[in-house]
1. So how much slack lies between residue 49 and residue 29, counting 0.36 nm per residue of separation and subtracting their Cα-Cα distance, in nm?
2. So how tilted is helix 38-54 from the main axis of the chain? Cα-based, degrees 0 to 90, rounded to 10.
3. Roughly how many nanometres apart are two label points built 7 Å out from the Cα toward the Cβ at residue 40 and residue 79?
4. Calculate, in whole percent, how much of the Cα-Cα pair population of the chain lies beyond 19 Å.
């Protein structure tokens, strides 16, 4: 949508969650959440806006963004309420 890949779009009750999933292949490549900078957040917002324009029946839902960092020890979920 809007030239942006959206990893996950999930409806949770009255909330629509756009989730970006990040994985790094080992610690020498840094932490997955380091890849979620302001530029990436802006692209995710643009993608969400394009998706909502294409799917107006969901426009009444509250929108949140989440980032999931996949690590060898498990998955860390970060909620980002920047919308």
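1. On the way: separation 20, 0.36 × 20 = 7.20 nm, distance 3.09 nm.
Here the answer is 4.1 nm.
2. Rounded to the nearest ten degrees, it is 30.
3. 2.1
4. Values: 1287 of 3403 pairs.
Tail fraction, whole percent: 38.
Where a number appears in this text, it was derived from the coordinates with a stated rule and is not lab data. Worth saying up front: this structure is predicted, and the values here are computed from it rather than measured. Reconstructed Cβ throughout: ideal geometry from the backbone, glycine too, with neighbour counts over all protein chains shown.
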